[in-house]
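Report on the structure given below.
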Amino acid sequence: ARFMRLSGREVFFLSGTDEHGQKVEQSAEEQGLNPQEFCDNVSTTFRDLLDLMHITNDKFIRTTDEDHKVAVQYLWKKLVENDAIYLGAYEG
């Protein structure tokens, strides 16, 4: 993003943390925390690292943020309405 900005391009740099999944649950349990506490710690550490490295993101998003949840629910609804979600089997 920094290089593109220096080149005169308009840039929106989004960064954040994915706070869902079994790995989060397992890691939280290993540290004796609930998943939200674990994610809060990881998010804080990640933001601190961005500052330390002078990374200037325009927005930091967490998948537990309310606006993210609303956007995902909207997208999912549109996919269902357009028959883009279906039950199937995957091999590979």
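The values are calculated or read from the model by the stated rules, or taken from the named source; none is laboratory data. What you are looking at is a predicted structure, and each value in this text was computed from that prediction instead of being measured. With ideal geometry, Cβ positions are generated from the backbone for all residues, glycine too; neighbour counts draw on all protein chains shown. Surface accessibility is based on the protein's heavy atoms, side chains included, excluding ligands, DNA and RNA. Shrake-Rupley method; radii C 1.70, N 1.55, O 1.52, S 1.80 Å.
Is there any pair linking a residue in segment 11-32 that is in contact (Cβ under 8 Å) with a residue 60 or more places away in the chain and over 12 Å from residue 64 (Cβ atoms) to one that is aromatic (Phe, Trp, Tyr) and open to solvent by 100 Å² or more (accessible area, probe 1.4 Å), with Cβ under 7 Å and at least six apart or on different chains, and which?
none
Report every pair of residues separated by at least 6 positions or lying on different chains whose Cβ atoms are under 6 Å apart, first residue within segment 34-49 and farther than 12 Å from residue 17 by Cα and of a type outside the set (Phe, Trp, Tyr), second at pLDDT 95 or above and open to solvent by 70 Å² or more (accessible area, probe 1.4 Å).
As it stands, the answer is 35/25, since those pairs meet every condition given.
Of the numbered conditions (1) more than 21 Å from residue 1 (Cα to Cα); (2) within 13 Å of the chain's Cα centre (by Cα), residue 60 satisfies every one except a single condition; which is it?
(1)
Given the criterion among the aromatic types (Phe, Trp, Tyr) and modelled with pLDDT under 95, identify the matching residue among 38, 3.
Values: 38 fails: modelled with pLDDT under 95.
Going through 38, 3 in turn, the sole match is 3.
Hey, could you check segment 5-25 for residues that are polar (S, T, N, Q) and touching a helix residue (DSSP H, G or I) at 6+ places or on another chain (Cβ under 8 Å) and say which is surrounded by the fewest Cβ atoms within 10 Å (Cβ to Cβ)? Steps first, please.
Of segment 5-25, the ones polar (S, T, N, Q) are 7, 15, 17, 22.
From what's left, touching a helix residue (DSSP H, G or I) at 6+ places or on another chain (Cβ under 8 Å): 15, 17.
Values: 15: 15, 17: 19.
Of everything passing the filter in segment 5-25, 15 is surrounded by the fewest Cβ atoms within 10 Å (Cβ to Cβ).
How many of the residues making up segment 35-92 are open to solvent by 100 Å² or more (accessible area, probe 1.4 Å) and aromatic (Phe, Trp, Tyr)?
Residues meeting the conditions: 4.
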